[in-house]
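**Student:** Please find one structure pasted underneath; my questions will follow.
The values are calculated or read from the model by the stated rules, or taken from the named source; none is laboratory data. Fair warning: this is a prediction, and the values are worked out from it, not measured in the lab. Backbone-built Cβ (ideal geometry, glycine too); neighbour counts: all protein chains shown.
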């Protein structure tokens, strides 16, 4: 095992992730089991990074001396904390975290996801009805963004007529560093999302329903701000990463020989393919944690308060864990990816994302005989998500 402690590159610079060169960099660092320090820049005080599957899983392990309460992304640390810390589910710990998971969990569970599967099928068919005209379809906005947004908005109780607006806001919230979304900063987008949910909460006070907004409001331990923050959390968590996995699934159908045919004739198992899509796309780019006590990682002693970033796409292509890691293998088993994180903060919407992907793959296999890549994809200039900017394809209907 080697550690690397000096690096003049700020790994929080989004310009590093707009080409596939990022995979070569991550693969080399994962293979070295490297630990890299980035000087202040994107982060006010700098941060450590780990890349190997082993090291990322260790940082995110349930018993590891780390916390998410200062924030979960580059730019936050103990001295510059996220103001949502301890209140929003993704940046809370212990009993607070468990309580929020108990409230939100039933609406995102496997049983709930199965009930929403028909909603996903309807949305996929509707999108394909428009895409199967022989013209070029840019999958990123036309398919990837539509399906998870429709589902998570149903869960939250957002009216259909407001969904396009919320999709646009989540684009800005997570893709704000890219010029495609330079009309609004991520902070402005989050503010707009919170304003929208404040208005929705006002409506639900008079007419509660079976949606997540009403469920959160019914808990007396949560303030109005707590409800707002957790609606924002579920909207973005349930939409932004899954959209890029869905876009990546279409990318795989266009570039992996025999995949579409295998899904159609049953020689490729849909569940196994879904796991490979999740590993290969790995949309959530990084997770930040801060040490709560002294800890040794990769042979380096860290004091309390040290920010450490786990790079999930690097872990998911670690050659020590995955054979031929850059290739898409439809039958890959075992597949111990950590796309949804690891430990107590494992993504609560993972079952929902898997259902969405399986329905998308099955529906495409039923209705499409060929997916042709018109040009290579372009990528978002972002560090929160490994995201598709454009993926132009041509579908041929069966």
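Condition check ((1) in a loop (DSSP other than H, G, I, E, B); (2) within 20 Å of the chain's Cα centre (by Cα); (3) without any contact (Cβ under 8 Å) to a residue 60 or more places away in the chain) across all residues:
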{"site": "37", "(1), (2), (3)": "no, no, yes"}
{"site": "41", "(1), (2), (3)": "yes, no, yes"}
{"site": "44", "(1), (2), (3)": "yes, no, yes"}
{"site": "54", "(1), (2), (3)": "no, no, no"}
{"site": "71", "(1), (2), (3)": "yes, yes, no"}
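**Student:** Restricting the search to segment 358-377, which residues are within 30 Å of residue 288 (Cα to Cα) and either free of Cβ contacts under 8 Å to residues at least 12 places away in the same chain or touching a strand residue (DSSP E or B) at 6+ places or on another chain (Cβ under 6 Å) (or both)?
**Tutor:** 377
**Student:** Restricting the search to segment 345-389, which residues are within 18 Å of residue 16 (Cα to Cα) and not in a loop (DSSP other than H, G, I, E, B)?
**Tutor:** 378, 379, 385, 388, 389
**Student:** A further question follows. Looking at the structure I just gave you, is residue 204 closer than 20 Å to residue 384 by Cβ and modelled with pLDDT of 85 or more?
**Tutor:** It is false that residue 204 is closer than 20 Å to residue 384 by Cβ and modelled with pLDDT of 85 or more.
**Student:** Out of all the residues in segment 196-223, which are over 21 Å from residue 154 (Cβ atoms) and either loosely packed, with under 12 Cβ neighbours inside 10 Å or touching a strand residue (DSSP E or B) at 6+ places or on another chain (Cβ under 9 Å) (or both)?
**Tutor:** Once the filter is applied, which keeps residues that are over 21 Å from residue 154 (Cβ atoms) and either loosely packed, with under 12 Cβ neighbours inside 10 Å or touching a strand residue (DSSP E or B) at 6+ places or on another chain (Cβ under 9 Å) (or both), segment 196-223 yields 220, 221, 223.
Here's the yes/no breakdown for (1) at pLDDT below 95; (2) over 20 Å from residue 315 (Cα atoms); (3) touching a helix residue (DSSP H, G or I) at 6+ places or on another chain (Cβ under 9 Å):
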residue: 213; (1), (2), (3): yes, yes, yes
residue: 231; (1), (2), (3): yes, yes, yes
residue: 246; (1), (2), (3): no, yes, yes
residue: 251; (1), (2), (3): no, yes, yes
residue: 258; (1), (2), (3): no, yes, no
residue: 264; (1), (2), (3): no, yes, yes
residue: 273; (1), (2), (3): no, no, yes
residue: 287; (1), (2), (3): no, no, yes
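One line per residue, one yes/no per condition, for (1) surrounded by fewer than 15 Cβ atoms within 10 Å (Cβ to Cβ); (2) out of contact with any strand residue (DSSP E or B) (no Cβ under 9 Å at 6 or more places or on another chain); (3) free of Cβ contacts under 8 Å to residues at least 12 places away in the same chain:
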residue: 301; (1), (2), (3): yes, no, yes
residue: 315; (1), (2), (3): no, no, no
residue: 329; (1), (2), (3): no, yes, no
residue: 334; (1), (2), (3): yes, yes, yes
residue: 341; (1), (2), (3): no, no, no
residue: 356; (1), (2), (3): no, yes, no
residue: 379; (1), (2), (3): no, no, no
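The rows are residues; the columns are (1) surrounded by fewer than 20 Cβ atoms within 10 Å (Cβ to Cβ); (2) touching a helix residue (DSSP H, G or I) at 6+ places or on another chain (Cβ under 8 Å); (3) under 26 Å from residue 386 (Cβ atoms).
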{"residue": "87", "(1), (2), (3)": "no, yes, no"}
{"residue": "90", "(1), (2), (3)": "no, yes, yes"}
{"residue": "94", "(1), (2), (3)": "yes, no, no"}
{"residue": "111", "(1), (2), (3)": "yes, no, no"}
{"residue": "114", "(1), (2), (3)": "yes, yes, no"}
{"residue": "126", "(1), (2), (3)": "yes, no, no"}
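**Student:** Report yes if residue 359 is over 30 Å from residue 74 (Cα atoms) and at pLDDT 95 or above, otherwise no.
**Tutor:** Against the criterion (over 30 Å from residue 74 (Cα atoms) and at pLDDT 95 or above), residue 359 does not qualify.
**Student:** Also, I was wondering about something else. Any idea which residue in segment 20-38 is surrounded by the most Cβ atoms within 10 Å (Cβ to Cβ), counting only those that are over 16 Å from residue 282 (Cβ atoms) and touching a strand residue (DSSP E or B) at 6+ places or on another chain (Cβ under 9 Å)?
**Tutor:** For segment 20-38, the residue satisfying everything is 35.
**Student:** Let me ask you something else. Among the residues of segment 326-344, what is the count of those that are within 13 Å of the chain's Cα centre (by Cα) and either at pLDDT 95 or above or at negative phi (or both)?
**Tutor:** The total comes to 3.
**Student:** Go through 113, 117, 140 for me and flag whichever is farther than 20 Å from residue 197 by Cβ, touching a strand residue (DSSP E or B) at 6+ places or on another chain (Cβ under 6 Å), assigned to a helix (DSSP H, G or I) and in contact (Cβ under 8 Å) with a residue 60 or more places away in the chain.
**Tutor:** Every option except 140 fails the conditions.
**Student:** Moving on. Which count do you get for residues in segment 228-257 that are surrounded by fewer than 22 Cβ atoms within 10 Å (Cβ to Cβ) and free of Cβ contacts under 8 Å to residues at least 60 places away in the same chain?
**Tutor:** Matching residues across segment 228-257 total 1.
**Student:** Follow-up. Does segment 155-191 hold any residues that are surrounded by fewer than 17 Cβ atoms within 10 Å (Cβ to Cβ) and modelled with pLDDT of 85 or more, and which are they?
**Tutor:** 159, 161, 162, 165, 188, 191
**Student:** Which number in (1) surrounded by 15 or more Cβ atoms within 10 Å (Cβ to Cβ); (2) over 30 Å from residue 324 (Cα atoms); (3) modelled with pLDDT of 95 or more marks the one condition that residue 16 misses?
**Tutor:** Result: residue 16 passes all but (2).
**Student:** Right, here's the next one. Between 309, 290, which is in a strand (DSSP E or B), more than 19 Å from the chain's Cα centre (by Cα), buried (at least 19 other Cβ atoms within 10 Å of the Cβ) and in contact (Cβ under 8 Å) with a residue 60 or more places away in the chain?
**Tutor:** It is 290.
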